[in-house]
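Q: Right, I'll just put the structure down here and ask away after.
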Amino acid sequence: MSTDERWDRLSAAHEQARCLDADAQARYLRELATRDPEMAHVLTGMLGHDHDALPILDRLDQAVAALVPERPMERLPSRVGRYRILRQIGEGGMGRVYLVERDAVGGHAALKVLRDAWASPERRQRFAREQETLARLSHPGIAQLFEVGALPDGTPWFAMELVEGLPLVDSVAIRGATVRDRLALVRAICSAVQHAHAHAVIHRDIKPSNVMVTTAGDVKLLDFGIAKQVGADAPDDDRTQTGYRMLTPDYAAPEQFSGDPIGVQTDVHAIGVMLYELLALRLPWASSRLTPQVPLAEQRRGIPDLVTTAKHGPVAPGRANWRELDVLVQTAIHQDPARRYASVEALGRDIDHYLANEPLEARPDTLRYRTGRLIRRQWRALTTAALVVGTILALSLGYARGLASARDEARVEADRTARIQAFMMGLFQGGEAEAGPADTLHVRTLIERGAREADALDGDPLLQAEVRETLGELRRQLGDVAGSDTLLTAALVARRRLRGHDHPDVARSLLALARLRMDQARIPAADSLITEAVRIATTTLPPDHPVRLDAIATRGRLAQDDGRLEDAERDQLIVANRLAASDPTSEATAGALVDLANTAFYAGALDRSDSLNQRALAIYRSRRGDRHPLVADVLINLGASAFERGKYGEAERFDREALDRIRSWYGTQHPETASALTLLGRALVFQSRSAEADSVLREALQILERTLGPDHPRVASASNELGTLALQEERYDEAERYFRQNATIYRHIYGPRHWLLGIAEGNLASVALARGDNVAAERGYREALAQFLEGQGPEHLNTAIAHVKLGRALLRQGRFHEAAQESRTGYDLLMAREQAPEGFVKAARKDLAEAYDRLGDREAAVRFGPQLPPP
């Protein structure tokens, strides 16, 4: 074994051993001594040196923990909260990790419990900071926090997403990943880290073992145990050696050893080292050189470039331009933070540039270099992108000069808003089908380069904020939640700084960010933003001002999402009446009509909903053409109305028309596409086309979980339909798991009282009824009925159906008088509608006939019997 290989083994053993408690560390050293006595001896000395280097309080903590035996309560019971402990799956310096099963929704999770919590307040603070960090982050590439709690003795714990897969290096080795595959994985890591940075969190310990690759090929960033929260309220944990002794030296940046300020470039460095390792199959420096006696700059001098490594050493498979990759990697791992990429986003952009065969930003901008790169690409795409970027640049610079001579502030503001938004939005909503799909060069290139152009507009910060907000809205519409969040937050912060807290521009930024929070189903956060925006707009703007109307309309949509339909309709009528009075055929008027139509639909007024939707559809078609996604949205609404009437074939036709338009516009992997698939799958389920429905719904669920996370209402919608399908096919355990998952999602987002929760409770009751547990079914239907009565009123279709189902549960218990009352109430509500679902009408008549027959009322039994037509 070579010296370098032996040092690499020793470094890995040192990293593993120092994360163990005293007893586990002793066992590890004893086991190592049986295989390699010399390495065990050296490692014992290294660990002793680590201990001597600890701050005095940390050494006291370890001494106390070693002298006093483990408290009995830390030996976990079989259950913690609503989690059933299955087995321990890991242990580190901070705590133990257990595989657990989740009661409410089924499936597995990871439960992390702080080890020796009572012995060290500092350890408890670090554990709490890790919880707080995870709670701030919501990204598909970051393991999600589910719940926090404490054992009876006060020991803290938190449950989080269980990530099943392989560590990064193992995954690429086993899968034989190409260079492009490996770059794509690192690009996904950049996206997750960028999200953390946007929320003022620096990871500080990014390394391959903290990145898992799932069986689906997605990356998950783990272990925020020494992450640093940046901001006024963030604790200054750099004043101790805690972060230093817990980080991994091979991937750590020089500033983490020198005590210089830690910033986003620290994580850039770690990602760069990891990328070098993935491409060269070795670290850029030997672990043996990492010693306190030699300056770090000297230790890391002479890093082998990737060109040399590619020629003379083992490299990742696949063709690659190693000189380009070397420029990229060497920039990321530069020992001077000021000469690295300025952000993880910048590193990610250069990875995108490499994969697209575009010039790197890290490369000197010479004519020869750029020309050599550009001629390899399609000239048509280049011409389009160049024209777009040139137009944006000319618009931005020309308009900035024009502002200097403006005298009328109101005119300047209106002109700035109109010119920028009309230009930017028009690129995507101009009715040209070929410019729409989110995966084309036009859209991706425009947004990425537009964001970079915005960074260069420091001379006009108001214009810069406007461009960022516009690009953030576009990213939201394209499903890029993390990118949208970064831009919209930056725009809001800038406007508050430049305009003060009560300016209409601030209200606009608040509303843009609120719409993103609504997409994320973060209702309380959205409500807070909208409330502030409405306050600003109503106190500073006239009644018909667009920003004021937008604030009221957004508040109405939030009320609609939250089940407060009367509040929603009140706001929506204000907006619709004022817009229609100004221009009854404008797109803004059509949008207000759609909002009213949705509220009417949820209230059960299907005819009114259809009428409003048809008016909006005519406006959109005349303004945008037939292929625009706004047209698809209305088609979806009309399909939902047909479904509620029991016209499942008609609903399918509407849903397929909408899906065709949405898929052609947004692409195959967008949340809007997945939602359209969900509705199509529902129509197929109710036509008993099980195999086709199962395929469609599983595709939808996969897209939604990957793009929106596992706890989003759209995920609940897709899993609800899969549960209905499983119930039809008598797969009761599977159906129950889906419906319990839905109930948990809705309860988490909307609280304990919401009509959507009633749907989940009613479906669980249907599973109980199918199993023959009529008492449990009755209990579930009563809970569902209470939710519908409170959230949708006594005449709603859902309320009618709940009465019918409750009547059946009572009938099967032999409680014929009560059954007849509930079934008759439901039947009368159904018959009072212009069009009611035929299946539920037949079910109610059948149950009434049986109940009256058992009660001895032969006349009523015959009247409701199936042999007679409905009255």
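Q: Going through the range 243-297 one residue at a time, which ones are assigned to a loop (DSSP other than H, G, I, E, B), open to solvent by less than 30 Å² (accessible area, probe 1.4 Å) and either modelled with pLDDT under 75 or of a type outside the set (A, V, I, L, M) (or both)?
A: Kept after step one, since they are assigned to a loop (DSSP other than H, G, I, E, B), are these residues of the range 243-297: 247-248, 252-254, 259-263, 281-286, 290-295.
The next check asks that each one be open to solvent by less than 30 Å² (accessible area, probe 1.4 Å); those that pass are 247-248, 252-254, 263, 283-286.
Correct list: Leu247, Thr248, Pro254, Gly263, Pro284, Trp285, Ala286.
Q: Any residue in the range 814-821 that is farther than 28 Å from Asp607 by Cα, without any contact (Cβ under 8 Å) to a residue 24 or more places away in the chain, in a helix (DSSP H, G or I) and under 42 Å from the mean Cα position of the chain (by Cα)?
A: No.
Q: Hey, among the residues in the range 508-542 that are not aliphatic (A, V, I, L, M) and not in a helix (DSSP H, G or I), which one's modelled with the lowest pLDDT?
A: Gln520
Q: Right, another one. Find the residue count for the range 327-363, including only residues that are in contact with a helix residue (DSSP H, G or I) (Cβ under 8 Å, 6 or more places away or on another chain), over 24 Å from Gln256 (Cα atoms), open to solvent by 10 Å² or more (accessible area, probe 1.4 Å) and assigned to a helix (DSSP H, G or I).
A: Residues that pass the stated criteria total 4.
Q: What pairs come out if I take residues in the range 76-87 that are within 16 Å of Gly107 (Cβ to Cβ) and pair them with residues that are hydrophobic (A, V, I, L, M, F, W, C) and modelled with pLDDT under 80 whose C-beta lies under 8 Å away, six or more apart or interchain?
A: Pairs found: Arg82/Ala104; Ile85/Leu76.
Q: While we're on this one: Could you please give the count of residues in the range 762-785 that are open to solvent by 40 Å² or more (accessible area, probe 1.4 Å) and either on the phi < 0 side of the Ramachandran plot or aromatic (Phe, Trp, Tyr) (or both)?
A: Within the range 762-785, the first condition is being open to solvent by 40 Å² or more (accessible area, probe 1.4 Å), and the residues that meet it are 770-773, 775, 779, 782-783.
This time we only want the ones that are either on the phi < 0 side of the Ramachandran plot or aromatic (Phe, Trp, Tyr) (or both), so: 770-771, 773, 775, 779, 782-783.
Of the residues in that region, 7 qualify.
Q: Here is a check on your reading of the model: is Ile749 buried (at least 22 other Cβ atoms within 10 Å of the Cβ) and of a type in the set (Val, Ile, Thr)? Before the answer, list the steps.
A: Details: buried (at least 22 other Cβ atoms within 10 Å of the Cβ): no; of a type in the set (Val, Ile, Thr): yes.
Spelling it out, it is not the case that Ile749 is buried (at least 22 other Cβ atoms within 10 Å of the Cβ) and of a type in the set (Val, Ile, Thr).
Q: Can you tell me which residues in the range 495-507 are open to solvent by 10 Å² or more (accessible area, probe 1.4 Å) and either under 27 Å from Gln144 (Cα atoms) or part of a helix (DSSP H, G or I) (or both)?
A: As a first pass, look at the range 495-507 and keep what is open to solvent by 10 Å² or more (accessible area, probe 1.4 Å): 496-505.
Listed by number, the residues that qualify are Arg496, Arg497, Leu498, Arg499, Pro504, Asp505.
Q: Which of (1) open to solvent by less than 30 Å² (accessible area, probe 1.4 Å); (2) not in a helix (DSSP H, G or I) does Glu730 not meet, given it meets every other one?
A: All conditions pass for Glu730, except number (1).
Q: Residue by residue through the range 162-212, note down the ones that are among the hydrophobic types (A, V, I, L, M, F, W, C) and on the phi > 0 side of the Ramachandran plot. Let's see the steps before the verdict.
A: Taking the range 162-212 and keeping what is among the hydrophobic types (A, V, I, L, M, F, W, C), we get 162-163, 166, 168-169, 172-174, 177, 179, 183-186, 188-190, 192-193, 196, 198, 200-202, 206, 211-212.
Within the range 162-212, just Ala200 meets the criteria.
Q: Looking for whichever is part of a helix (DSSP H, G or I), of a type in the set (Lys, Arg) and more than 28 Å from Glu790 (Cα to Cα) here; the options are Arg706, Arg714, Arg740. Which one fits? Full working, then the answer.
A: On the way: Arg714 fails: more than 28 Å from Glu790 (Cα to Cα); Arg740 fails: more than 28 Å from Glu790 (Cα to Cα).
Only one candidate passes the filter, namely Arg706.
Q: Condition first: open to solvent by less than 30 Å² (accessible area, probe 1.4 Å) and either touching a Phe, Trp or Tyr at 6+ places or on another chain (Cβ under 8 Å) or under 22 Å from Arg517 (Cβ atoms) (or both). Now tell me which residues in the range 146-157 satisfy that.
A: Residues of the range 146-157 that are open to solvent by less than 30 Å² (accessible area, probe 1.4 Å), as a first pass: 149, 151, 154-157.
Passing the criteria: Gly149, Leu151, Gly154, Thr155, Pro156.
Q: Go through Ala851, Ala860, Ala844 for me and flag whichever is open to solvent by less than 10 Å² (accessible area, probe 1.4 Å), in a helix (DSSP H, G or I) and farther than 28 Å from Asp773 by Cβ.
A: On the way: Ala851 fails: farther than 28 Å from Asp773 by Cβ; Ala844 fails: farther than 28 Å from Asp773 by Cβ.
Ala860 is the lone residue from the list that is open to solvent by less than 10 Å² (accessible area, probe 1.4 Å), in a helix (DSSP H, G or I) and farther than 28 Å from Asp773 by Cβ.
Q: Another question, if that's okay. Among (1) surrounded by fewer than 19 Cβ atoms within 10 Å (Cβ to Cβ); (2) farther than 27 Å from Tyr602 by Cβ, there is one condition Leu789 misses while meeting the rest; what is its number?
A: The failed condition is (2).
Q: Next question, about the same structure. Residues in the range 169-228 that are under 15 Å from Thr266 (Cα atoms) and outside any helix (DSSP H, G or I): how many?
A: Residues meeting the conditions: 12.
Q: Sticking with this one: For the structure I just gave you, tell me whether Arg535 is open to solvent by 60 Å² or more (accessible area, probe 1.4 Å) and farther than 28 Å from Gln787 by Cβ.
A: So Arg535 fits the description; yes.
The values are calculated or read from the model by the stated rules, or taken from the named source; none is laboratory data. The model shown is predicted, which means the values in this text are computed figures rather than measured ones. A quick note on method: Cβ atoms are made from the backbone with ideal geometry, for glycine too, and the neighbour counts reach across all protein chains shown. For accessibility, only protein heavy atoms count, side chains too; no ligands or nucleic acids. Shrake-Rupley method; radii C 1.70, N 1.55, O 1.52, S 1.80 Å.
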